[in-house]
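I have placed the structure first, in the form of structure tokens, so that the comments after it can refer back to it.
The values are calculated or read from the model by the stated rules, or taken from the named source; none is laboratory data. Quick caveat: nothing in here was measured; it's all calculated off a predicted structure. Here Cβ is always computed from backbone atoms with ideal geometry, including for glycine, and neighbour counts include all displayed protein chains. Remember, those area values only see protein heavy atoms, side chains included, never the ligands or the DNA or RNA. Shrake-Rupley method; radii C 1.70, N 1.55, O 1.52, S 1.80 Å.
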Amino acid sequence: MVITTQCCIAGGGPAGLMLGYLLARSGIEVIVLERVTSVKLV
Ligand SMILES: Cc1cc2nc3c(=O)[nH]c(=O)nc-3n(C[C@H](O)[C@H](O)[C@H](O)COP(=O)(O)OP(=O)(O)OC[C@H]3O[C@@H](n4cnc5c(N)ncnc54)[C@H](O)[C@@H]3O)c2cc1C
């Protein structure tokens, strides 16, 4: 599968998600990749 984007962020932690949000809000096509597929509630 090939995905084309302007910006690719590795990591969907607080920093990656906030950066992705700010870039998307500025009109930049962005994708956030997160390696963890499950959510662990502590
Ligand atoms: C045990 C513990 C308890 C904490 N408790 C608190 C708290 O109560 N309150 C608080 O404010 N802060 C707490 N913190 C601190 C807080 O977790 C960090 O400050 C914050 O998560 C940092 O965000 P980040 O986005 O920089 O990194 P991270 O949260 O580490 O996010 C990085 C993400 O990138 C992903 N990733 C890494 N490599 C790749 C890759 N190659 N490809 C794709 N994805 C990748 C990881 O899976 C991760 O989801 C705690 C930290 C720890 C360790």
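Key figures for this structure:
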| item | result |
| --- | --- |
| Pair list, Cβ under 9 Å, 6 or more apart: region 25-37 residue within 18 Å of Ile3 (Cα to Cα) and more than 9 Å from the ligand (Cβ to nearest atom), other residue open to solvent by 60 Å² or more (accessible area, probe 1.4 Å) and at pLDDT below 95 | Ile31/Ile3 |
| Single condition Leu23 does not satisfy, out of (1) open to solvent by 90 Å² or more (accessible area, probe 1.4 Å); (2) in a helix (DSSP H, G or I) | (1) |
| Output for region 1-17, where each listed residue is within 8 Å of the ligand (Cβ to nearest atom) and open to solvent by 90 Å² or more (accessible area, probe 1.4 Å) | Ala10, Pro14, Leu17 |
